[in-house]
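> Please read through the structure below; I'll follow up with questions.
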Amino acid sequence: MSYQPGDMVTGRFFARHTDTGALTDADSLPTAAIYLNGTVAGSVTVTITNITTGIYTYSFTLPADWSRGDHIQCEVSATVDSTSDIGTVIEFTLESALGLEFTVDDTSITPTTTYCALNDGPAGDDVLNGRFLVFSSGANKGLALPISDYNGTTKQVNFATAWPTAPVDGDQCEVIGLTV
């Protein structure tokens with residue numbers, strides 16, 4: 001599943017008896033913390049509900065000002081039969097799989113039919129490789145090509161196949177999660 005800033009995240013986790021492994025309620029309601037890129041994000045509140053013996057739900061809303069590429073982790077702390085434990089119930093990267101919207105940026109790289117740069121592209125090298133770039137404006141509107149290489153420092157996207165026309169500054173595009 002892919003998440004974006006502003007989305008609500010929900011799921012389940014279980015508490016088990018330390019000796020028998022049977023579902024059992026924790027000694028008290030478990031607590032949770034959200035980590036943003038490895039640091040506790042105190043601004044996010046996690047709601048935990050005991051729905052039946054040993055089964056709990058969690059939910060939290062991702063702040064709207066968090067960014068694609070941010071690494072999110074939810075850790076739950078629980079004590080069962082006087083034994084404390086911490087576990088990760090969900091971990092993901094925001095918008096890692098689909099629907100990333102960008103515009104072409106010609107500030108540092110002049111676009112050609114085989115490469116261009118993206119405004120606000122993600123930081124990691126190769127993170128867009130194999131995904132499709134689809135133009136939603138400009139001369140290439142409606143056309144899609146697979147990304148052959150991505151440079152997270154320069155935000156340059158390379159294509160093995162040429163576009164009919166070189167994109168221009170401000171052309172809108174979307175990188176979708178289909179991979180080749």
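> Picking from 6, 69, 146, whose Cα lies most toward the positive end of the charge dipole for the chain (charges on Cβ: Lys, Arg +1; Asp, Glu -1)?
Towards the positive end, the residue furthest out is 146.
> Between residue 168 and residue 108, what length in nm is gained on full extension when 0.36 nm per residue of separation is reduced by their alpha carbon distance?
Roughly 20.3 nm would be gained on extension.
> Something else now. Rounded to the nearest 0.05, what FRET efficiency do residue 67 and residue 47 have when you use their Cβ-Cβ distance and R0 = 25 Å? Don't jump to the answer; show the numbers that get you there.
Values: r = 24 Å, r/R0 = 0.95.
My answer for the efficiency is 0.55.
> May I pose another question? Explain nothing, just the number: dipole magnitude of the chain about its Cα centre with +1 on each Lys and Arg Cβ and -1 on each Asp and Glu Cβ, in debye rounded to the nearest 20.
That gives the chain a dipole magnitude of about 340 debye.
> Per 0.36 nm of contour for each residue apart, how much would the distance between residue 77 and residue 40 grow if the chain were fully extended, relative to their Cα-Cα spacing?
Net length gain for the segment: 11.9 nm.
> Quick one: what does P(r) look like for the range 38-180 with 5 Å bins over all Cα pairs, in whole %?
Percent of Cα pairs in each bin: 2, 9, 16, 18, 12, 9, 8, 8, 7, 5, 3, 2, 1, 0.
> Using a 10 angstrom cutoff on alpha carbons, build the Gaussian network for the chain and name the most mobile of 16, 68, 131.
Residue with maximal mean-square fluctuation among 16, 68, 131: 16.
> Once you have a ≥ b ≥ c as the square roots of the Cα gyration tensor eigenvalues for the range 100-179, tell me rounded if a/c is under 1.5, and otherwise prolate or oblate according to whether a/b is larger than b/c.
Values: a/c = 1.39, a/b = 1.12, b/c = 1.23.
Verdict is rounded for the range 100-179.
Taken together, the values in this text are just the output of simple stated rules run on the coordinates, not laboratory data. In this text, all values refer to a predicted model and were calculated from it rather than measured experimentally. Note that we place each Cβ from the backbone using ideal geometry, even for glycine, and neighbour counts take in every protein chain shown.
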